[in-house]
Every structure is written in C-alpha cells, then in structure tokens.
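The values are calculated or read from the model by the stated rules, or taken from the named source; none is laboratory data. Computed from a prediction, not measured in an experiment: that's the story for all the values here. Here the Cβ is made from the backbone with ideal geometry for all residues, glycine too, and neighbour counts use every protein chain on show. Calculation scope for accessible area: heavy atoms of the full protein, side chains included, ligands and nucleic acids excluded. Shrake-Rupley method; radii C 1.70, N 1.55, O 1.52, S 1.80 Å.
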Amino acid sequence: MKKQRTSIFKCTSCGHEEPKWLGRCPECGEWNTLIETAVSSRSSPAGLAGGRREAPQSLPLSSVDPQEGSRIGSGIAELDRVLGGGIMKRSAILVGGEPGIGKSTLLLQAAAAADTRGRVLYVSGEESAGQVRMRADRLGISGAAASRIEICCSGKLEDIETIVNAVKPVILMVDSAQTLRTGEAGLIPGTVNQMKFCSYELISWVKEHDAALFLVAHVTKDGLISGPKSLEHMVDTVLYFEGPASAANDGDCRFLRAAKNRFGSVDEIGIFTMGEQGLSVVEDPSLLFLVSRDGELPPGVATAAVLEGSRTLLVEIQALTVPAKGAVSRVFSDRIDSARVSRVAATLEKHLSLRLSDHDLYINVAGGIRIAEVGVDLALAAALYSARTGIPLPAGTALTGELSLAGELRPVRRIAGRVKTARNLGFERFLAPPGEGVVPGLAVKDIKEAIKLLFTLP
Ligand code: TYD
Ligand code: MG
C-alpha cells in the first residue's frame, strides 16, 4: 500500500510547495527556504492564517493602495527615524542584538508609547509575565498605556495563534524568535526550521490583518547569527541594536541601525542612552562622541566630521601605535573597519615615509560609535601620524576627507554642512579637500600637504 504523505516542503519566501526537499526553490530561486510542513493542518483552513484559500487574482498596479499614511508613530523619535518615519502596517521588523543590549526594553517602551488606540500584544517566550511587569514598572508604564498592552508568555505557535486571533493586536511583538516552536515543523524544538516556520506564520498573520510585527532575535557576541540571519529575507526591515565596544569606558550609548529597510533608507541611526528608567532618546548627540579637554590634546587624537544618515557628527578618533609584539603587526579596531585602518596606514607609510608596518595599531572611537563613512579617512590618518610621531594635533581642529591609495584627498558629500556643524560646536579650523565653506588656506589636496599644514598650525 502506498504510504500516505504526512508532510510537504513549503518555501518561506514565496509559499511554493514541493513534495520533496530541494536546496533551492524552483519558483523564486531562493536558497534554503524550503521547510518541512505537516500536510494535514496546512490543507485545513484552521491554521493561523485560516481561510485565506481564495482564488488567486492579479490586479492593476495603478489600483494598488501605496500604503503611505499607514504608518504608526512608535512614540520614540529615534526608532521612527530608523524605520523611515514610523511603524509600517503590514510589515515585519526584525530587531537583532546581543543579549542584554536592551531589545526587550526598547519594544516595551514602544508598546507603551505607540500612537495607536489598538492593542499591542507582547509575546514573551523568555520572561514570565511578572518579570515583564517589573520592567514595565521600572519604565514607568502605567495607566492607559499599560492597559492596552496584552502579555502572553509562551513560545508555542499554537498558543500564540489562538491568542493573536482573539486579541487582534495592531502591533504584535515576539520576544524572541528563538523561543518559537511548533510540532508542525519537525520534532526537535529550537531548530532554525522551527524558528523560520513560526516566524513565517506570524508574518503572514500581520500582513493579512493590517498589523505590524516586531520579532526579536538574539545575536551572539561574535556576530555569528546563523539563526536570525536566515530570517532576514522573510522580513521587511532588519534593525540591529548595538552598544559601545566596552560599556565600562563608553557609558550607556546604544545605537539602532537598519541593515535592510523596504520602507526607508538604511543610513539613519538611532542614538539612545540606557538609564535607570530605560532608554532615552539623545536629542543632540553632537557632544556624545567628543572628549572635553582643557589645553593641549594628547598625541594620537583627531576629530572627524562624519555623516550618519541626515546628521553630521563630530567624533574623536583615537590611535595608539606600539612596536609589534609578534612577527606580524596587527590592527585592533572594531569601531572602524580594520581594512580601512590598514589601507590608511599603508598610504601614510608610502607617501610620508612613516614606518607603521612594524607596529601594532589600536584604533578607538570616543563614545563607541561605529564609523563607516569615507570622510573619516583624513582624521584617521592624522591620528595615526600623531600617535606614531608623538606630536599632538592642534586643538580646535576638525577634519574630513576621503584618502585615495595615491595619497590624494577626495571631496566628500555635504561638506558645507560638516563645516557648519563643526563651527557650531566651537571648532575654529576645518581642514578638508577644497569645497563649499572650506577656508582656502585650509583646503588640502593630498595627505602630504594635509599633514604638513596640520603640524605647523599654531
Ligand atoms: P533587555 O531589554 O532585557 O535586553 P535584551 O532584551 O536585549 O536582552 O535589557 C537588559 C539590560 O538593560 C540589563 O542589563 C538591565 C538594563 N536596564 C537598564 O539599565 N535600565 C532599565 O530601565 C532597564 C529596563 C534595563
Ligand atoms: Mg530580552
């Protein structure tokens, strides 16, 4: 007798079904998206997204509602900024970050502050209702804000399905994706399959019910995120919440970045500080990344004017060079990409005959912010030069400019805005490639000219 098939393989990206497992979905071409699904319940309409089996239809693009105006303010300005103007309805937002960075705190604060009259369902698979309540009390969540938040402590998809269908939340928060499980996606709980399957079901639910989903995902220390990474293609927005390299030195700054955003740019960052009563938005972050000092600067310190989304930040770059301990010199830099540091060091070595290749290079950024903008090159070069020679830079000088391998300084975007921000923060001089707002005497074309000028300034 032919064996009755009990499971099929369903693509988490496009919904295509296959009788056998395949590495690549023949329908949408995505890799590793087919996951095993029990046949019985999927063919019955009783599932989470029950009753969606209508005849498929297409419709004219022009008749589609562009969904603009269907954003919900999160009540947290920096979160809205990163999302591109608020929480998009029918969207799924993955919030990744290391354990303890503040993901649950951020979501609970948004649950209380969101600009909606609808209900917010907070599903916690990690903490008990009591623990969540204690956190809410600590965050000062009470009154109407507290009463519209529903809490459910379970990771079982079947339980969550039932509650979601009863509560019909406008915002669904799931903390965390790693605690989701169901008997339908294999027998072993905690597998990537389980997480993907359950997430897919919840994403489908919010898309069909005009709600929004926040999905928390833990990321391990070394950034290896085999699990959460596999959710990235299923969601609309991926946010990463990160802190400074060492909390001890750099205080309580937290940065929220978008790694993917179907509804906005990925350039904007949200800047928060974690305090006794949760996360607070930093209204004017310009001073967070500078170190105030009286008189002379120590060697190895330079100030860069860099862009972060629509903002200009002045950040202190710190460099330290010591003779290499091993046969091979190394770069220790986790706030600025090490490849960039090596490249700038090589350019200095070549064009200024400054020997750096037999030194270990340590680079840090005050406040612990990660900088990837090209305009940081000149300040990085100046900090390295100053560290290696022991000659400090003149105080009150801000720098910007991209360095080419040939030693030229290339103009950067929005230079006038950088000059203006630096001036407002009390920087008297702005050294940069020629551009709008740069004083002709301080406009430099290559690294040689820049270093010469910098170290002869009064
Ligand atoms: P949490 O949101 O639980 O992190 P995650 O969900 O990312 O694991 O944040 C936990 C940390 O934040 C914990 O170390 C305590 C700290 N914290 C504060 O400093 N102030 C607060 O008001 C709250 C609620 C937490
Ligand atoms: Mg948490």
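Somewhere in the range 137-160, is a residue open to solvent by 10 Å² or more (accessible area, probe 1.4 Å), among the aliphatic types (A, V, I, L, M), in a loop (DSSP other than H, G, I, E, B) and within 13 Å of ligand 1 (Cβ to nearest atom)? Yes, the range 137-160 has at least one match.
Candidates in the range 99-117 are the residues that are more than 7 Å from ligand 1 (Cβ to nearest atom) and over 12 Å from I76 (Cα atoms); of these, the one that is least open to solvent (accessible area, probe 1.4 Å) is T116.
Condition (residue is out of contact with any strand residue (DSSP E or B) (no Cβ under 8 Å at 6 or more places or on another chain) and within 16 Å of ligand 2 (Cβ to nearest atom)) applied to the range 64-82: is it met by at least one residue? Scanning the range 64-82, I find no residue that is out of contact with any strand residue (DSSP E or B) (no Cβ under 8 Å at 6 or more places or on another chain) and within 16 Å of ligand 2 (Cβ to nearest atom), so the answer is no.
The sole residue among S265, S357, S333 that is of a type in the set (G, A, S) and not assigned by TED's automatic domain parsing to the domain that holds A398 is S265. Looking across the range 84-101, the residues that are in contact with a strand residue (DSSP E or B) (Cβ under 8 Å, 6 or more places away or on another chain), at pLDDT below 95 and within 16 Å of ligand 2 (Cβ to nearest atom) come down to G96, G97, E98, P99, I101. Filtered by the rule that a residue be open to solvent by 50 Å² or more (accessible area, probe 1.4 Å) and among the hydroxyl-bearing types (S, T, Y), the range 261-288 gives S265, S280.
If I ask for residues that are within 16 Å of ligand 1 (Cβ to nearest atom), within 20 Å of the chain's Cα centre (by Cα) and part of a loop (DSSP other than H, G, I, E, B), which ones from the range 258-307 would you list? Of everything in the range 258-307, just one residue is within 16 Å of ligand 1 (Cβ to nearest atom), within 20 Å of the chain's Cα centre (by Cα) and part of a loop (DSSP other than H, G, I, E, B), namely V282.
Rundown of residues vs (1) part of a loop (DSSP other than H, G, I, E, B); (2) assigned by TED's automatic domain parsing to the domain that holds A395; (3) farther than 21 Å from L290 by Cα, yes/no style:
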| site | (1), (2), (3) |
| --- | --- |
| R413 | yes, yes, yes |
| R418 | no, yes, no |
| T421 | no, yes, no |
| F427 | yes, yes, no |
| L431 | no, yes, no |
| E436 | yes, yes, yes |
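When the range 333-376 is examined, which residues are found to be under 13 Å from G407 (Cβ atoms) and not hydrophobic (A, V, I, L, M, F, W, C)? Within the range 333-376, R343, T347, E349, K350, H351, S353 meet the criteria. In the range 152-198, the residue that is farthest from M88 (Cα to Cα) out of those that are of a type in the set (S, T, N, Q) and modelled with pLDDT under 95 is T191. The residues of the range 120-133 that are within 13 Å of ligand 2 (Cβ to nearest atom), open to solvent by 80 Å² or more (accessible area, probe 1.4 Å) and assigned to a helix (DSSP H, G or I) amount to a single one, Q131.
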